[in-house]
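Below is one structure, written out as structure tokens; comments come after it.
The values are calculated or read from the model by the stated rules, or taken from the named source; none is laboratory data. On a predicted model such as this, the values are computed, not experimentally measured, just so you know. Positions of Cβ are generated from backbone atoms using ideal geometry, with glycine treated the same way; all protein chains shown enter the neighbour counts.
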Amino acid sequence: MGRILAIDYGKKRTGIAVTDPLQMIASALCTVKTYELKKFLEDYLNQEEVEAIVIGEPKQMDYTDSELGGVINAFAGELKEKYPQLSIERVDERFTSKMAFQSMIDSGMKKKQRRDKGMVDQIAAAIILQTYLDKKQRH
């Protein structure tokens, strides 16, 4: 059983989260510059056994694509083509950044630490991944 990787894709930075090999726990992994994301994934997939990649799907409140929707859809298509052995999944990511910020407050992080947007992106990716795991467990 391989890990599941989650991506909170952004214009400048992309948050990455991953499960343990048993796919039980979602953990924030890192933040990468979006222009370095493909190289990061290539390196990571060569080092770790990954079964699926979950990509946050940015939607507006009326369920239409957000500003980055087309870019992310194209990215997901590229991944499916380059890594046909992987399952590429999508998860609604509305409110994940707000939830990530709130979890930072709830965990007692200092204000200076909460300004780290990379940390918010990592936690948002972990929330996307946990949402996917919860949905998978229900089915």
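Here are the numbers for this structure:
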{"read-out": "Which listed residue is surrounded by fewer than 13 Cβ atoms within 10 Å (Cβ to Cβ), among the hydroxyl-bearing types (S, T, Y) and closer than 23 Å to M119 by Cα, from Y35, Y44", "value": "Y35"}
{"read-out": "Residues within the stretch 90-129 that are of a type outside the set (V, I, T), modelled with pLDDT of 70 or more and buried (at least 18 other Cβ atoms within 10 Å of the Cβ), tallied", "value": "8"}
{"read-out": "Residue tally, condition of a type in the set (K, R) and either touching a Phe, Trp or Tyr at 6+ places or on another chain (Cβ under 8 Å) or under 14 Å from A52 (Cβ atoms) (or both), over the stretch 1-40", "value": "1"}
{"read-out": "Residue check, Y63 at pLDDT 90 or above and among the hydroxyl-bearing types (S, T, Y)", "value": "no"}
{"read-out": "Residue satisfying all of: in the stretch 67-89; out of contact with any Phe, Trp or Tyr (no Cβ under 7 Å at 6 or more places or on another chain) and of a type in the set (D, E, K, R); modelled with the lowest pLDDT among these", "value": "E67"}
